[in-house]
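One structure below.
The values are calculated or read from the model by the stated rules, or taken from the named source; none is laboratory data. Keep in mind the model is a prediction, meaning the values are calculated, not measured. Methodologically, a virtual Cβ is constructed for each residue, glycine included, from the backbone with ideal geometry; neighbour enumeration extends over all protein chains shown. These accessible areas exclude ligands, DNA and RNA; they are computed on the full protein's heavy atoms, side chains included. Shrake-Rupley method; radii C 1.70, N 1.55, O 1.52, S 1.80 Å.
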Amino acid sequence: MKELQWEKAAGNGLLNRRHLLQLGLTGLGAAGASAAFGQDAGAILQIPEWSRMPGANASAYGERSRYAGDLQRMAGTPDPIYPGGGSSRTPLQFLQGTITPNALHFERHHAGIPDIDPAGHTLVINGLVRQPLAFSYENLLKYPMVSRINFLECSGNSGALLRGGNADGTAQSLHGLLSCAEWTGVPLSTLLDEAGVSPEARWVAAVGADAASMGRSVPIEKALDDVLVALYQNGEPIRPGQGYPVRLFCPGWEGNISVKWLTQLKLMREPAQFRDETSKYTDTMPDRSSLQFTFPMGVKSLITSPSGRMNLPRPGIYQVTGVAWSGHGAIRRVEVSADGGATWAEAEMQAEPGDKALARFTIPWEWSGGPAVLQSRAADSAGNVQPVRDEVLAARGTISFYHNNCIQSWGVDDGGAISNVYV
Amino acid sequence: MSMSRRTAAWGRILALLLCAGWLAPAGSQEARIQLGTPIDEDQLSGFDLIAAPDGSGMPPGAGTARQGRSVYELNCLRCHAVNGEGVSGNTVIAGGDMRSEESPLRTVGSYWPHASTLFDFIRRAMPADAPKTLSDDEVYQVTAYVLFLNGIVGEDESINSETLTAIAMPNGDGFVDHSHLH
């Protein structure tokens, strides 16, 4: 046990990689290992049944293995007062890597998902331009495209945790308005150049073709920088819930500025002051002033496993893993604590973190069987460090709930049950 | 094929593409794809619904709160209830006070910085179960009514593009623009 002491990376069981490898070699195994081996190291292995007969034929559209678990988004119940309004959340705790499968990408709609026939869809650019233009979907597909892997996060994500109270949920229910995909489309700057942006134009008002004609204003600097008129998501045409046939995509910025079902871009001197950039998506501070146009999503991370409502079956080794992201750049570092923030150890990144993309971190942890509080803390390439909840509360109070990027704490009790806790 | 004949062949292909409108020359060297169809702002009068604080995009028309009461009863009451009291958290559209001791109730009257947003939003998105079914006059009327419920205009004040955009909302100076901080 003396050896174990110096191999520890931080308090309450966080280990460094070297230590984990050593445990493997000395045959201690991992609590999460498969039943075939970990449970019964003496078993004589056999060629399994499925290796003795032909399998199913190739199929037109792939399905997950029936043994892989039932991965579902979590959608709210429909409300007749709010037709089509609501959201569905990504099951973050069951995913690995950084790309969200399209069928599990989170959604937030203000008036439902329109059933758009692209043959009847038009994208108009007007306002302060040399020449107003209309683009058909067919013609948009003919432009040279670029691809970017970027996260998308609703600015209301994790909002319930600021107010405290009963937030006994899962990574999905508390933080599932977060996804990451490869977005492919035409740089907005290409289309704006074609229309000829007039020098007085400072904002681009973007409008969707849904029943709410959702609108958001984008500053011209961003519009000419990295914004996409996106047509593809992870290689296939954008799905209806993500804005088929075409959506705006503003990397790193609060989700609803990436207007779905994009049908109009109007160049203006001032913001349009849409309802969804005044009444909503604004943050009222304790002094009752309200912050408007808080665009980049703050640096943030989240342990996805083990996480809320999971159970650790027995003391032993676990991989603590999660995702980190920042609207200000790339993730530089993620630290993990198992003692509620008293001591921290740096986690490994599973791949080189991308700009404004999810990054996956992992660190081995030996659960002693006693209480623990697991936390992760991210830092980004712009020098921002993820704050603790108390810092966020001290700075902004609890009147508003958007743009919460505080550290999530998962409490582990002596029985191994995990739940959201406030520390 | 000699070099010059090959160049000539490419020249003909490029010329054909240009005629078909597939490519348009931009500058002396490069050819760019330009596939937007030129249109007139006139063609957008029923399409561009953006009604901004500077009055741009506000259509002709006018209405008073007295006229708007019946528009409200027919089209809004079922979800926003009597006096805009709402039937759920997100349907309260009147009342509130940003200076209250407790967490303030934020509504059109207490929170919204611009009156134009009310016209803009109702015209594009309300009634939620039948958006874009009101005439522009009806939108002005019901806009006046919601402002009246919030004590911002009188019952017989005529609301049109000019009077609407001249309104100073109670929380008009309550917002801090963060857009430069990125």
From phi via Karplus (6.51, -1.76, 1.60), per-residue ³J(HN,Hα) for segment A:244-255 in Hz, x at Gly/Pro:
3, x, 8, 10, 7, 9, 10, x, x, 9, 3, x
In debye to the nearest 20, how big a dipole does segment B:65-175 give about its Cα centre with +1 on each Lys and Arg Cβ and -1 on each Asp and Glu Cβ?
280
Which is farthest toward the positive dipole end of the protein assembly as shown among A:PRO245, A:GLY235, A:ALA195, measuring Cα position about the Cα centre, with Cβ charges +1 (Lys, Arg) and -1 (Asp, Glu)?
A:GLY235
How do A:GLU254, B:GLU162, A:GLU236 stack up against each other in accessible area, from largest to smallest, with a 1.4 angstrom probe?
B:GLU162, A:GLU236, A:GLU254
Quick tally, 1.4 Å probe accessible area for A:ARG163, A:ARG130, A:ARG314, sorted with the most first, runs A:ARG130, A:ARG163, A:ARG314
Hey, got the average number of other protein chain Cβ atoms within 10 angstrom for residues in A:292-303?
2
Per residue of segment A:315-331, in order, report the coupling 6.51 cos²θ - 1.76 cosθ + 1.60 (Karplus, θ = phi - 60°) as ³J(HN,Hα) in whole Hz, putting x for Gly and Pro.
x, x, 8, 10, 8, 8, 9, x, 10, 9, 7, 8, x, 9, x, 9, 6
Most fluctuating residue given options A:SER136, A:SER173, A:SER65, as computed from a GNM of chain A linking Cα atoms under 10 Å:
A:SER65
Tell me, what HN-Hα J-couplings in whole Hz come from the Karplus equation 6.51 cos²θ - 1.76 cosθ + 1.60 at θ = phi - 60° for each residue of segment A:75-81, using x for Gly and Pro?
10, x, 7, x, 10, x, 6
For A:LEU262, which sequence-distant residues (separation of 5 or more, or a different chain) have an amide H within less than 5 Å of its own amide H, given hydrogens modelled in the peptide plane?
A:ALA209, A:VAL246, A:ARG247, A:LEU248
Shielding of A:216-225 by partner chains, average beta-carbon count, 10 Å
1
Around A:PRO251: net Lys/Arg minus Asp/Glu count, Cβ-Cβ under 11 Å
0
Selection from B:LEU74, A:ALA58, A:GLN93 lying farthest towards where the dipole of the protein assembly as shown points positive, charges on Cβ
A:ALA58
Compute the signed sum of charges (Lys and Arg +1, Asp and Glu -1) over the other residues within less than 11 Å, Cβ to Cβ, of B:ASN160.
-4
Quick one: if you stick a label point 7 Å off each Cα along the C-beta vector at B:SER70 and B:LEU181, how many nm between them?
4.9
Over chain A, with a Gaussian network built from C-alpha contacts below 10 Å, which listed residue (A:ALA382, A:ALA160, A:ALA60) shows the highest mean-square fluctuation?
A:ALA60
Between the alpha carbon centres of segment A:182-233 and segment B:100-155 the gap in Å comes to 28
The protein assembly as shown, helix-only ellipticity at 222 nm - DSSP H runs n ≥ 4, -39,500 (n - 2.57), divided by all residues, nearest 500:
-5000 deg cm²/dmol
Chain A, Gaussian network, Cα under 10 Å: of A:GLY208, A:GLY397, A:GLY383, the residue fluctuating most is A:GLY383
Neighbourhood charge, 14 Å Cβ-Cβ cut-off, centred on A:ALA382 and excluding it, Lys, Arg +1 and Asp, Glu -1
+2
Quick one: which of B:138-146, A:78-86 comes out on top by average Cβ neighbours within 10 Å, and what's the full order, highest first?
B:138-146, A:78-86
Where nothing but the Cβ of Lys and Arg (+1) and of Asp and Glu (-1) is charged, how large is the charge dipole of the protein assembly as shown around its Cα centre, in debye to the nearest 20?
1660
With no solvent and one equal point scatterer per Cα, compute the Debye intensity ratio I(q)/I(0) for the protein assembly as shown at 0.06, 0.08, 0.09, 0.11 Å⁻¹ and report its log10, rounded to two decimals.
-0.39, -0.66, -0.80, -1.09
Computed over segment A:307-423, the ratio Rg/Rh where both radii use C-alpha atoms and Rh is Kirkwood
0.98
Amide hydrogen neighbours beyond the local backbone of A:LYS8, cut-off 5 Å, H modeled
none
Honestly segment B:65-175 on the Cα gyration tensor test (a ≥ b ≥ c root eigenvalues; a/c under 1.5 rounded, otherwise a/b vs b/c for prolate or oblate) is just oblate
Per residue of B:110-119, count partner chain C-beta atoms within 10 Å of its C-beta, then hand back the mean as an integer.
4
Sorted by chain and then number, the residues having a modelled amide H within less than 5 Å of the amide H of A:ILE149, at least 5 places away or on another chain, are A:TRP183
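Show me the GluC sites (Glu not before Pro) within segment B:42-116 that DSSP assigns to loop and that have at most 16 other Cβ atoms within 10 Å of their Cβ. Provide the component values of the computation, followed by the final result.
Numbers: sites: B:GLU73, B:GLU85, B:GLU101, B:GLU102; in loops: B:GLU85, B:GLU101, B:GLU102.
Here the sparse-neighbourhood loop sites are B:GLU85, B:GLU101, B:GLU102.
For segment A:126-207, which GluC sites (Glu not before Pro) are in a loop by DSSP, counting at most 14 other Cβ atoms within 10 Å?
A:GLU200
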Roughly how much of A:PHE94 is accessible, in Å² to the nearest 10, using a 1.4 Å probe?
120
Past the 22 Å Cα-Cα mark, which pairs from A:LYS266/A:LYS356; A:LYS266/B:LYS132; A:LYS142/B:LYS132?
A:LYS266/A:LYS356; A:LYS142/B:LYS132
